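Report on the structure given below.
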Amino acid sequence: MKTKAAVVYEPGKPIEIEELDLDGPREGEVLIRYTHAGLCHSDVHVAHGDLEARLPMVLGHEGAGIIEEVGVGVTRVKVGDHVVCSFIPNCGVCRYCATGRQSICDMGATILEGYLPGERFPITGPRGQYGAMCMIGTFSQWGVISQTSVIKVDDDLPLEKAVLVGCGVPTGWGSAVNTANVAPGDTVAVFGVGGIGINAVQGARYAGAKNVIAIDPLENKREKAMELGATHAFATAEEAQEAITEMTRGQGADSAILTVGLMSADVVGAGFNAVGKGGVVVLTGLNKLMEPTIQLPGTILTLFRKSIKGSLFGDCNPTTDIPKLLGLYQSGDLKLDEIITRTYTLDEVNEGYDDLLAGKNVRGVMVHEH
Ligand SMILES: NC(=O)c1ccc[n+]([C@@H]2O[C@H](COP(=O)([O-])OP(=O)(O)OC[C@H]3O[C@@H](n4cnc5c(N)ncnc54)[C@H](O)[C@@H]3O)[C@@H](O)[C@H]2O)c1
Ligand SMILES: [Zn+2]
Ligand SMILES: [Zn+2]
């Protein structure tokens, strides 16, 4: 069958909309009709070449849709199921899945090559085989993906909201709740309030943080953070540092969660300074694979027993955490409607990313047409 999709051919060039050929689902694969996709900054990293992916690649790794066909041996979902995609697959049996660390499942090894196990490329087109971002490629009307990338969700959930639980929500929420292990009474600083950071704010607050300090140069982001759980918001790290020192009587924050669009040594340094003894700095935002974004005085790290942790998918387990987070949405404890700034069609993908880079959106959502 044919599918219209947003493709990166060359880093730094605009994303192109192409009609491509899609093979049917083979063993363990499903055909999904994507209804919605979220515009996350990580796709920009691929489009700009910060994350060196195999090209051409169909972008999009935050997605939701409906299962239209299943290949042989598919047991996790059936035709008609509503699903949210996880940007990291979970095989369930590798060493990491088996020990409750699905976000580092071995199957995630090819998320930047974009093919399914066995170097299988269901999408082909004028330039041969096309990979799919995170093995899902949600900026496409349809996709053929592994059953390990989809999580069934309740039929009565609005997919246009649930889509955010494919990346932004678990990544941000989990960066606070799981990686930083925020506890009641904590002081937490969140650097960068985009689709990821706003959910770190929500997670930190829900976990009981007393002070949630949001740092973002953009006023619209700071306002949204204050609306959804931040207790303080500042435009610069310097202003935040002063306030944190004062509100903790010199002790410093318990954790700093770094969710800026492009990670830098400056931001990591600011996060490191913001936390006090025993404090945790969580690196969630990305940069080029080999960029040295950590340049810190190690002796201070030791003497103050600080720690630096990387967080992938918020250290969540998609099979249990995606339904759990949607339950919190249903109970009103997690806000999704409020964090969607604008919707786009597939054809408007470049405009969507211009808006993201201009800081207009907390999250933009693509609504697919079929
Ligand atoms: N680790 C993971 O699992 C994972 C998953 C998804 C996304 N990401 C990464 O997380 C990052 C954030 O993604 P997003 O979609 O929320 O991006 P976004 O562009 O929507 O938001 C980034 C925000 O950071 C702010 N910002 C930029 N520089 C800043 C600075 N120096 N100090 C404070 N704020 C600053 C921007 O104004 C913006 O509001 C990206 O690097 C993305 O690739 C990581
Ligand atoms: Zn993402
Ligand atoms: Zn696994």
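The values are calculated or read from the model by the stated rules, or taken from the named source; none is laboratory data. What you are looking at is a predicted structure, and each value in this text was computed from that prediction instead of being measured. Note that we place each Cβ from the backbone using ideal geometry, even for glycine, and neighbour counts take in every protein chain shown. Note: accessible area is taken over every heavy atom of the protein model, side chains too, but ligands, DNA and RNA are not part of it. Shrake-Rupley method; radii C 1.70, N 1.55, O 1.52, S 1.80 Å.
How large a share of the accessible area of segment 11-84, in percent, is made up of carbon and sulfur atoms when the probe is 1.4 Å and the other protein chains stay in place?
It is 46 percent, rounded to a whole number.
Viscosity 0.890 mPa s, temperature 25 °C: give me the Stokes-Einstein translational D for segment 116-195 in µm²/s, with Rh taken as the Kirkwood radius over C-alpha pairs. Working shown, then result.
On the way: Rh = 15.9 Å.
D, rounded to a whole number, is 155 µm²/s.
Taking Cα pairs under 8 Å and at least six residues apart, what relative contact order does segment 225-370 come out at, in percent? The partial results should precede the final answer.
Values: 168 pairs, mean separation 22.1, N = 146.
Averaging sequence separation for qualifying contacts and normalising by length gives 15 percent for segment 225-370.
In Å², what does the accessible area per residue of the chain work out to with a 1.4 Å probe? Numbers along the way, then the final one.
Details: 14790 Å² over 370 residues.
Heavy-atom accessible area per residue stands at 40 Å².
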(message) Accessible area of segment 200-343 with a 1.4 Å probe: how many percent of it is carbon plus sulfur?
(response) 52
(message) Taking 22 Å as R0, compute the FRET efficiency from the Cβ-Cβ separation of Asp354 and Glu10 and round it to 0.05.
(response) 0.75
(request) Just need log10 I(q)/I(0) for segment 1-146 at q = 0.16, 0.17 Å⁻¹, Debye formula, equal scatterers on the alpha-carbon atoms, no solvent, rounded to two decimals. (result) -0.80, -0.90
(request) Tabulate in residue order the Karplus-calculated ³J(HN,Hα) for segment 338-346, using 6.51 cos²θ - 1.76 cosθ + 1.60 with θ = phi - 60°, rounded to whole Hz; enter x for Gly and Pro. (result) 6, 9, 8, 7, 7, 10, 9, 8, 4
(request) Give me D for segment 162-221 in µm² s⁻¹, whole number, from Stokes-Einstein with Rh from the Kirkwood sum over alpha-carbon pairs, 25 °C and 0.890 mPa s. (result) 219
(request) Just subtract the alpha-carbon distance of Tyr206 and Asn220 from 0.36 nm times their residue separation and send over the number in nm, one decimal. (result) 2.8 nm
(message) As an exercise, use a Förster radius of 35 Å and the Cβ-Cβ distance of Cys94 and Glu69 to find the FRET efficiency, rounded to the nearest 0.05.
(response) 0.85
(message) Taking the Cα centroid of segment 1-38 and of segment 259-324, what is the distance between the two, rounded to the nearest whole Å?
(response) 32
(request) Compute the long axis of helix 265-274 from its Cα atoms, compare it with the longest principal axis of the Cα atoms of the chain, and write down the angle in degrees, 0 to 90, nearest 10. (result) 50
(message) Just to confirm the number: angle between the C-alpha axis of helix 197-206 and the first principal axis of the chain, 0 to 90 degrees, nearest 10?
(response) 60
(message) Apply the a/c threshold of 1.5 to the C-alpha gyration tensor of the chain and tell me whether it is rounded, prolate or oblate.
(response) prolate
(message) I'd like the accessible area for Arg76: 1.4 Å probe, protein heavy atoms, all chains in place, Å² to the nearest 10.
(response) 90
(message) Among 8-16, 206-214, 279-287, how do they line up by average Cβ neighbours within 10 Å per residue, starting with the highest?
(response) 279-287, 206-214, 8-16
(message) Normalised radius of gyration for segment 290-370, please: alpha carbon Rg relative to 2.2 N^0.38 Å, two decimal places.
(response) 1.62
(message) Taking 0.36 nm per residue of sequence separation and subtracting the Cα-Cα distance, how much length would be gained by fully extending the chain between Lys152 and Thr343, in nm to one decimal?
(response) 66.4 nm
(request) Note the angle between two axes, namely the Cα long axis of helix 237-247 and the longest principal axis of the Cα atoms of the chain, as a number of degrees from 0 to 90, rounded to the nearest 10. (result) 50
